[in-house]
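Peer 1: Dropping the structure in here first, questions after.
The values are calculated or read from the model by the stated rules, or taken from the named source; none is laboratory data. All values derive from a computational prediction rather than experimental measurement. All Cβ positions, glycine included, derive from the backbone under ideal geometry; neighbour counts span all protein chains shown. These accessible areas exclude ligands, DNA and RNA; they are computed on the full protein's heavy atoms, side chains included. Shrake-Rupley method; radii C 1.70, N 1.55, O 1.52, S 1.80 Å.
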Amino acid sequence: MRGKKTRFLFIGLAVVGLLIASRVISFYIDWLFFEEVAYQKVFVKTFTAQIISGFVFGIASFLFILINVLPVCRIKLLPIQIAFSNQMGVTLNPDLLNRLSKPFSILIAAVIGVFGGLWGSSLWNQALVFFNATVTGMKDPILGKDVGFYLFQLPFYESLSIYAGFMIFFALLLVILGYGIKGGFSVINNRISMAQGVRKHVAVLAGLFFFRVAFGFYLDRFQLLYSPHGVITGAGYTDVHAKLFALGVLVFLAAIVGVIFAVALIKGSLKQSLYPVGILVIVYILGIVVYPGLLQNLKVAPNEIGAEKPFIEHHIAFTKFGYNLTNIDVRPFNVSYNLTSQDIEKNGATIKNIRLWNESPLLKTYSQLQQIRTYYKFHSVDNDRYTINGEYRQVMLSARELSYDDLPSKSWINEKLVFTHGNGITMGPVSRITKDGLPEFIIKDIPPVSSSNVKITAPEIYFGELTNDYAIVNTKIPEFSYPTSEGNTYTSYKGTGGVALDSLLKRALFASSFKTAKILLSSDIKQDSRIVYNRNITERVAKIAPFLALDSDPYIVVSDEGKLHWIIDAYTISTRLPYSKRLTNRVNYMRNSVKVTVDAYNGSINFYLSDPNDAIIKVYDAVFPGLLKPMAQMPSDLKKHIRYPSEFFAIQTSLYATYHMEDPKTFYNKEDLWEIPSYNKKPMEPYYLIMKLPEEKREEYVLLMPYTPAKRDNLAAWFAARCDEPDYGKLVVYTFPRDRLVFGPRQIDARIDQDSYISQQLTLWGQRGSQVIRGSLLIIPIETSLMYIQPLYLAAEDKGGLPELRRVIVAYENNLVMDENLEMCLQRLFGGKKLSQTTVQSTVAPKETSLAALSKEAMKLFEKTKELQRQGDWAGYGESLRKLEEVLKQMAR
């Protein structure tokens, strides 16, 4: 028996030891990571805060429970006589239980102390923010508290209230159970009788419980400023004139009830102690439920706009503050349709940067044309701008990352030592296509080949969006770099990313952390080999700054030196701003306060403060000094690629559709409500464009979103976020006149469907074996006019279909044209005169025009046409026949 006990004890100690060892190893691995990225101070500050917070809450929990259970231990359990039916019985000797009660009580207090400590350590962020809180200078209009109290202090107070409630509940439960077992309670003539010491103990805990209830009522006063209503979020007329007063009364009443209840219980008047509790419940029902309901129905509802007017004003003001919508420049946009070819020439930068490629079809095309090998993958397509050979151009680019799921031969050596990184990017202009309807490339292939001044000197991508597993670099086995016609090319890592495996102890610790002995046993690992981990860029950044919310669309940038960097937009968010409209995730405050850069080769991370006026980021700057760098310190070649995040802009535009109405009556009646336009059952998304804003002197990179009036299809306004310095972050809204019709996306989409020629072509192309993909409908402001542009792609219906840009549709005023490219559409709209090369740069790559070349082209098309006819592909047959006709016309000139 003793042997079994010893065995179980040994197993238990071994399990505890393994858990502790695992935590220690995880701690050390994390420390090495923070040392690698040079943010040791952040790690120390966070860890110290967790330890102190956990220790304070753990000790407080242990002492509070211990103080309450020790008095129970002093009561000696009397011998218990147990009688059986045959008039025989046994007497239980309680000496063992009396001796064990104190150690058992200490053990219970210790266990609760451990759980309290673990819970308290999770409050490290709240604690740091609480003790570094700052004032914002903006006060709530009801209670007069600074907004900083709600953002930084109230969450911690609420956590303390929850903690106190749990501790008092557990103490009461343990005390009542303990006294019940040891005979502290007795029932005589259906009455509960308690010893004097027991009554005092329970009375004190009951009094603390009611003080906790009083504190909860006090905090509920602040919660009124988040309460949802039909019209607003925040305290309304009923909340302010009924519930707020009732909660104030309940705060004092609950405290008084606690005192009376405790005194009555000590005197032994259990029944009398319940009377004040009943009064508290009645006051709560009358003050929080009955009276507010009557006030709402009898006074507020019949005259809601008059009663709620000041509170609607608060709601509008705080919502606009919460989402940074307070400083919007609203300008009129008087639409006139008098564009000429000269205006098109003058706005050439806008015309040649109109995006004809959508992300989805372009991603498919890039994947088929530029993935090169199956183990490479394009995760997404990014939109940016570069100066290409002296011209400001909008481009689309995508990183060629390594996909471990698609490796041809999976083994530990292949996955961790040989295939370690992606290679380069693919980049192309947003508007240019080849004669086959495919995108033109500025940068392509492996190793990257550039046709412009943008060169890539370090194409290896060790840190990206797809990669997350560890890799070991600079080993005895060369790393795969890229394939060539002669064979594979190999390389060796020369960067500073990762942790050096320069000792047997480190290798053993990493082997334990990643649960593989191969790291320890492999003979291919050298003294100067490095293990690269935490390679997913969003997880890498989140590990350092978990208090920042990260944008879901990081984008890759090529520096002037030819190195690759990732830029991630980071947000400070809160659910605690009074009166502000909440999103579906309860967030009601949001700022794009930080720009994060990650070196794709070394993994080095930098945080740049892009919104120094944000109250939340000021607090974190004080909590972690040195973590956030001024925006002026960002390298200029990266700074010129920062852009206004479309994710944040989508939230802002959605809210501004309602909150541009500042008059309470207009807001209440929704008289001027806007909507995000939709067509084909999909809402429009913000889109980037290089354009010259009205009344501005130069083209710039902007983010656009149009609006339509609620339940109508015409345009009401368009919203622009400026992305270039020195105007970065400025928001402009252009409103259309209400006395004239300005076509909206759905109306243009309907006109396209109703056009007999276009409809016929779409039907023809959509026949067997072909799929017509209609691209995004873009609204392009030029001077004081609007053009609507939609690209059409053709692809085979199977999954391997390669999308080709085959047509462009342009609508201007009442005119609607469809042609092979944007240049031809503009020629048809603005005169037969060919627009200059500098204006549109021909959205199609130049073709050979010699007679011999045209003859060869005609013969190819003729053979292709016959083949398509034999296959029964009539859509392809018609398209090929049309191309043949064009070539023959060129030969006849």
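Peer 1: Need pairs with beta-carbon distance below 9 Å; first residue in contact (Cβ under 8 Å) with a residue 12 or more places away in the chain and under 19 Å from ILE651 (Cα atoms) and within the stretch 661-676, second of a type in the set (Lys, Arg) and in a helix (DSSP H, G or I); sequence gap 6+ or separate chains.
Peer 2: What qualifies is GLU662/LYS320.
Peer 1: Something else: How many residues are under 19 Å from ALA720 (Cβ atoms) and without any contact (Cβ under 8 Å) to a residue 40 or more places away in the chain if we restrict to the stretch 625-657?
Peer 2: Going through the stretch 625-657 one residue at a time, the tally reaches 1.
Peer 1: Condition check: in a loop (DSSP other than H, G, I, E, B) and under 30 Å from LYS435 (Cα atoms). Does LEU762 satisfy that?
Peer 2: It is false that LEU762 is in a loop (DSSP other than H, G, I, E, B) and under 30 Å from LYS435 (Cα atoms).
Peer 1: Now a separate question. Could you please let me know if SER403 is of a type in the set (Ser, Thr, Tyr) and open to solvent by less than 50 Å² (accessible area, probe 1.4 Å)?
Peer 2: Working: of a type in the set (Ser, Thr, Tyr): yes; open to solvent by less than 50 Å² (accessible area, probe 1.4 Å): yes.
When the stated conditions are applied, SER403 passes them.
Peer 1: Moving to a separate point now. I'm trying to understand the selection: among the residues of the stretch 84-133, which are aromatic (Phe, Trp, Tyr), buried (at least 19 other Cβ atoms within 10 Å of the Cβ) and either farther than 29 Å from VAL619 by Cα or at pLDDT below 95 (or both)? Let's see the steps before the verdict.
Peer 2: Here is the first cut: in the stretch 84-133, the residues aromatic (Phe, Trp, Tyr) are 84, 104, 115, 119, 124, 130-131.
The next check asks that each one be buried (at least 19 other Cβ atoms within 10 Å of the Cβ); those that pass are 124.
Within the stretch 84-133, none qualify.
Peer 1: List every residue pair whose Cβ atoms lie under 7 Å apart, where the two residues are 6 or more positions apart in sequence or sit on different chains, the first residue falls within the stretch 212-227 and is closer than 12 Å to VAL240 by Cα, and the second residue, located anywhere, is open to solvent by less than 20 Å² (accessible area, probe 1.4 Å) and part of a loop (DSSP other than H, G, I, E, B).
Peer 2: Correct list of pairs: LEU224/ALA235; LEU225/ASP140; LEU225/GLY234; LEU225/ALA235; LEU225/PRO578; LEU225/TYR579; SER227/GLY234; SER227/ALA235.
Peer 1: Something else now. Among the residues of the stretch 646-661, are any in contact with an Asp or Glu (Cβ under 9 Å, 6 or more places away or on another chain), assigned to a loop (DSSP other than H, G, I, E, B) and surrounded by fewer than 23 Cβ atoms within 10 Å (Cβ to Cβ)?
Peer 2: Yes - at least one qualifying residue is present in the stretch 646-661.
Peer 1: Would you be able to say whether some residue in the stretch 558-580 is of a type in the set (D, E, K, R), closer than 21 Å to LYS639 by Cα and under 23 Å from the mean Cα position of the chain (by Cα)? Write out each step before concluding.
Peer 2: So in the stretch 558-580, the residues of a type in the set (D, E, K, R) come out as 560-561, 563, 569, 576.
Still in the running and closer than 21 Å to LYS639 by Cα: 560-561, 563, 569.
Those still in the list that are under 23 Å from the mean Cα position of the chain (by Cα) too: 569.
So far as the stretch 558-580 goes, yes, one or more of its residues are of a type in the set (D, E, K, R), closer than 21 Å to LYS639 by Cα and under 23 Å from the mean Cα position of the chain (by Cα).
Peer 1: Any residue at all in the stretch 706-726 that is over 27 Å from PHE318 (Cα atoms), among the small types (Gly, Ala, Ser), modelled with pLDDT under 95 and surrounded by fewer than 18 Cβ atoms within 10 Å (Cβ to Cβ)?
Peer 2: No - not one qualifying residue is present in the stretch 706-726.
Peer 1: Could you tell me which residue of the stretch 661-705 is farthest from ALA317 (Cα to Cα), considering only residues that are within 29 Å of the chain's Cα centre (by Cα) and of a type in the set (Phe, Trp, Tyr)?
Peer 2: The qualifying residue farthest from ALA317 (Cα to Cα) is TYR679.
Peer 1: Can you tell me which residues in the stretch 12-36 are small (Gly, Ala, Ser) and within 29 Å of the chain's Cα centre (by Cα)?
Peer 2: The answer is SER26, and nothing else.
So that you can scan it fast, the table gives a plain yes or no per residue for (1) modelled with pLDDT of 95 or more; (2) farther than 23 Å from LYS526 by Cβ; (3) assigned to a loop (DSSP other than H, G, I, E, B); (4) β-branched (Val, Ile, Thr):
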position: ASP436; (1), (2), (3), (4): no, yes, yes, no
position: ILE446; (1), (2), (3), (4): no, yes, yes, yes
position: SER452; (1), (2), (3), (4): no, yes, yes, no
position: ASN468; (1), (2), (3), (4): no, yes, yes, no
position: PHE480; (1), (2), (3), (4): no, no, no, no
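Peer 1: Can you confirm whether GLN342 is surrounded by 21 or more Cβ atoms within 10 Å (Cβ to Cβ) and within 30 Å of VAL810 (Cβ to Cβ)? Give the steps one after another, and end with the answer.
Peer 2: Details: surrounded by 21 or more Cβ atoms within 10 Å (Cβ to Cβ): no; within 30 Å of VAL810 (Cβ to Cβ): yes.
Criteria not met by GLN342.
Peer 1: Among the residues of the stretch 135-152, how many are closer than 17 Å to TYR218 by Cα, aliphatic (A, V, I, L, M) and open to solvent by 50 Å² or more (accessible area, probe 1.4 Å)?
Peer 2: 0
Yes or no, residue by residue, for (1) of a type in the set (Gly, Ala, Ser); (2) within 21 Å of GLY729 (Cα to Cα); (3) modelled with pLDDT of 95 or more:
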residue: ILE537; (1), (2), (3): no, no, yes
residue: ALA542; (1), (2), (3): yes, no, yes
residue: ASP569; (1), (2), (3): no, yes, yes
residue: PRO578; (1), (2), (3): no, no, yes
residue: THR584; (1), (2), (3): no, no, no
residue: VAL598; (1), (2), (3): no, no, yes
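Peer 1: Here is a further query. Working only within the stretch 753-780, note down all residues that are more than 15 Å from ARG807 (Cβ to Cβ) and free of Cβ contacts under 8 Å to residues at least 60 places away in the same chain.
Peer 2: Correct list: GLN754, SER756.
Peer 1: Residues of the stretch 513-537 being buried (at least 18 other Cβ atoms within 10 Å of the Cβ) and part of a helix (DSSP H, G or I), which ones?
Peer 2: Selection gives SER513, ILE519, ILE537.
Peer 1: For SER654, indicate whether it is under 30 Å from THR735 (Cα atoms) and touching a helix residue (DSSP H, G or I) at 6+ places or on another chain (Cβ under 6 Å).
Peer 2: Details: under 30 Å from THR735 (Cα atoms): yes; touching a helix residue (DSSP H, G or I) at 6+ places or on another chain (Cβ under 6 Å): no.
Here the answer is no, as SER654 does not meet what is asked.
Peer 1: For the stretch 244-254, indicate whether the set of residues that are closer than 29 Å to THR666 by Cα and either assigned to a helix (DSSP H, G or I) or open to solvent by 60 Å² or more (accessible area, probe 1.4 Å) (or both) is non-empty.
Peer 2: Applying the first criterion (closer than 29 Å to THR666 by Cα) to the stretch 244-254 yields 244.
So of that shortlist, the ones also either assigned to a helix (DSSP H, G or I) or open to solvent by 60 Å² or more (accessible area, probe 1.4 Å) (or both) come out as 244.
Yes, that holds for at least one residue.
Peer 1: Quick check on the stretch 728-741: of everything there that is among the charged types (D, E, K, R) and either modelled with pLDDT under 95 or under 15 Å from ILE676 (Cα atoms) (or both), which residue is least open to solvent (accessible area, probe 1.4 Å)?
Peer 2: ARG740
Peer 1: Among the residues of the stretch 494-501, are any in contact (Cβ under 8 Å) with a residue 40 or more places away in the chain, under 21 Å from ASP599 (Cα atoms), part of a helix (DSSP H, G or I) and open to solvent by 30 Å² or more (accessible area, probe 1.4 Å)?
Peer 2: For the stretch 494-501, residues in contact (Cβ under 8 Å) with a residue 40 or more places away in the chain, under 21 Å from ASP599 (Cα atoms), part of a helix (DSSP H, G or I) and open to solvent by 30 Å² or more (accessible area, probe 1.4 Å): absent.
Peer 1: VAL532 - would you say it is under 29 Å from ILE442 (Cβ atoms) and either within 26 Å of the chain's Cα centre (by Cα) or charged (D, E, K, R) (or both)?
Peer 2: Considered against the rule, which asks whether it is under 29 Å from ILE442 (Cβ atoms) and either within 26 Å of the chain's Cα centre (by Cα) or charged (D, E, K, R) (or both), VAL532 comes out as no.
Peer 1: Scanning the stretch 682-705 for residues that are in contact with a helix residue (DSSP H, G or I) (Cβ under 8 Å, 6 or more places away or on another chain), in contact (Cβ under 8 Å) with a residue 60 or more places away in the chain and in a loop (DSSP other than H, G, I, E, B), which turns out surrounded by the most Cβ atoms within 10 Å (Cβ to Cβ)?
Peer 2: Per the stated criteria, the residue is MET684.
Peer 1: With VAL257, VAL231 as the choices, which residue is crowded, with 17+ Cβ neighbours inside 10 Å and touching a Phe, Trp or Tyr at 6+ places or on another chain (Cβ under 8 Å)?
Peer 2: Exactly one of VAL257, VAL231 is crowded, with 17+ Cβ neighbours inside 10 Å and touching a Phe, Trp or Tyr at 6+ places or on another chain (Cβ under 8 Å), namely VAL257.
Peer 1: Looking at (1) under 34 Å from the mean Cα position of the chain (by Cα); (2) within 30 Å of GLY390 (Cα to Cα), can you tell me which one SER451 breaks?
Peer 2: Just one mismatch for SER451, condition (1).
Peer 1: For the stretch 552-571, give me each residue that is under 15 Å from VAL594 (Cα atoms), open to solvent by 10 Å² or more (accessible area, probe 1.4 Å) and in contact with a strand residue (DSSP E or B) (Cβ under 9 Å, 6 or more places away or on another chain).
Peer 2: ASP553, the sole residue that qualifies.
Peer 1: If I filter the stretch 613-624 down to residues being in contact (Cβ under 8 Å) with a residue 60 or more places away in the chain and not hydroxyl-bearing (Ser, Thr, Tyr), which single residue comes out as most open to solvent (accessible area, probe 1.4 Å)?
Peer 2: As a first pass, look at the stretch 613-624 and keep what is in contact (Cβ under 8 Å) with a residue 60 or more places away in the chain: 615-616, 618-620, 622-624.
Now restrict to residues that are not hydroxyl-bearing (Ser, Thr, Tyr): 615-616, 618-619, 622-624.
Working: ALA615: 14, ILE616: 14, LYS618: 103, VAL619: 2, ALA622: 55, VAL623: 2, PHE624: 8 Å².
Filtering the stretch 613-624 for residues that are in contact (Cβ under 8 Å) with a residue 60 or more places away in the chain and not hydroxyl-bearing (Ser, Thr, Tyr), the one most open to solvent (accessible area, probe 1.4 Å) comes out as LYS618.
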